[in-house]
1. Report the charge-dipole magnitude of the chain in Debye, nearest 20, computed about the Cα centre from +1 at each Lys and Arg Cβ and -1 at each Asp and Glu Cβ.
2. Between (i) 51; (ii) 40; (iii) 33, which entry matches percent of Cα pairs over 21 Å apart as derived from the coordinates of this structure?
3. Within the stretch 44-78, list the trypsin sites (Lys or Arg not before Pro) lying in a DSSP loop whose Cβ has at most 11 other Cβ atoms in a 10 Å radius.
4. Taking a ≥ b ≥ c as the square roots of the eigenvalues of the Cα gyration tensor of the stretch 30-101, is the shape rounded (a/c under 1.5), prolate (a/b larger than b/c) or oblate?
5. What number, rounded to the nearest 500 deg cm²/dmol, is the helix-based mean residue ellipticity at 222 nm of the chain, given -39500 (n - 2.57) per DSSP H run of at least four residues and division by all its residues?
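Read-outs throughout are calculated quantities, based only on the coordinates presented, and are distinct from any laboratory measurement. Since we're looking at a predicted model, the values are computed, not measured. Quick reminder, even Gly has a Cβ in these numbers, built from the backbone with ideal geometry, and neighbours come from all protein chains shown.
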Amino acid sequence: MSVKVDLDQLSSALDDFTFAYVITVGDDYRAHTVAVQPMLADGILDVGQVGNSTRSNARAHPDVTVVWPPREPGGYSLIVDGRAELTESALSVAPTRAVLHRPAAPGAATTPGCIHDCVPLES
């Protein structure tokens, strides 16, 4: 099931982050992670140029994840799942799911069975 990502919320959230990691998988389903500086334009993350392994993985398995780490301990990470598209020179990602995520503080109320503090960016 696809949840519509609220692109206004995503755009606002991106203001709090400086760089990200794009995660792809190869045919052996091992993760391949590289640092990137994506920009959101017209609802699409422009990841920019990527290397051969990332290109090959995204071509074979276009479902990818982009993760922006928190700026400080205890802060939220931004996690965006999406569908990759390749051009001759760059990778772009159409977001399908976005969430701000961090471990919940001790004693904080969470969904039963959940140990995390998550804020979905959906409409």
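1. On the way: 8 positive and 15 negative charges, 58 e Å.
Using only the charged Cβ atoms, the result is roughly 280 debye.
2. (ii)
3. Details: sites: ARG55, ARG59, ARG71; in loops: ARG71.
Taking the stretch 44-78 and a limit of 11 other Cβ atoms within 10 Å, the loop trypsin sites (Lys or Arg not before Pro) found are ARG71.
4. Values: a/c = 1.83, a/b = 1.57, b/c = 1.17.
Note, shape of the stretch 30-101 comes out prolate.
5. Numbers: 2 runs with 17 residues, N = 123.
It lands at -4000 deg cm²/dmol.
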